[in-house]
Amino acid sequence: MTIEWRYTVEQELGVLSVSGYLGPDAVRRFEGAVGWALGRGTGPVVVDLTGLRAWSAEGQLAITEAARRLAAAGRSLELAAIPADGSLVPDGDCPPIPVYADLAEAFAAHSTRHGEPSEGRHEWRTTGWPAAEPKA
């Protein structure tokens, strides 16, 4: 099993939404998604894990490596809605990784209104990601 991802940029905030299982088989795909985010944004990247069923130790390491890659580019990585089956414990040389209960809290921390039309909103996704989000 692997992951699907979608990357959106809204008002200088990048959101990398990930669904599925972030295990050993999905790490390279996640690294590719982070590379996509690096090439298409300039601000912080919030990794939205709302749709993630679980992650492995390798998946958690991929998150900390992503934080390092983004920090090297002058950007930060933040997490929203980490899986209930574990907590992220980065090693001592990892940049700080803010963790939010959900995506709404992450947007509030950046004073960004998610879902509102804004100029310059861009979206990229894997082919397995649904074309439209279900309405709440």
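The values are calculated or read from the model by the stated rules, or taken from the named source; none is laboratory data. Just so it is clear, the structure is predicted and the values come from calculations on it, not from any experiment. With ideal geometry, Cβ positions are generated from the backbone for all residues, glycine too; neighbour counts draw on all protein chains shown. Please note that ligands, DNA and RNA were not included when accessible areas were found on the heavy atoms of the full protein model with its side chains. Shrake-Rupley method; radii C 1.70, N 1.55, O 1.52, S 1.80 Å.
The table for this structure:
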read-out: The stretch 114-136 - residue that is under 19 Å from LEU13 (Cβ atoms) and open to solvent by 90 Å² or more (accessible area, probe 1.4 Å) and, of those, modelled with the highest pLDDT; value: ARG125
read-out: Helices (runs of 4 or more DSSP H) completely within the stretch 1-113 that count 3 or more residues being at pLDDT 90 or above, open to solvent by less than 80 Å² (accessible area, probe 1.4 Å) and under 21 Å from PRO130 (Cα atoms); value: 27-39
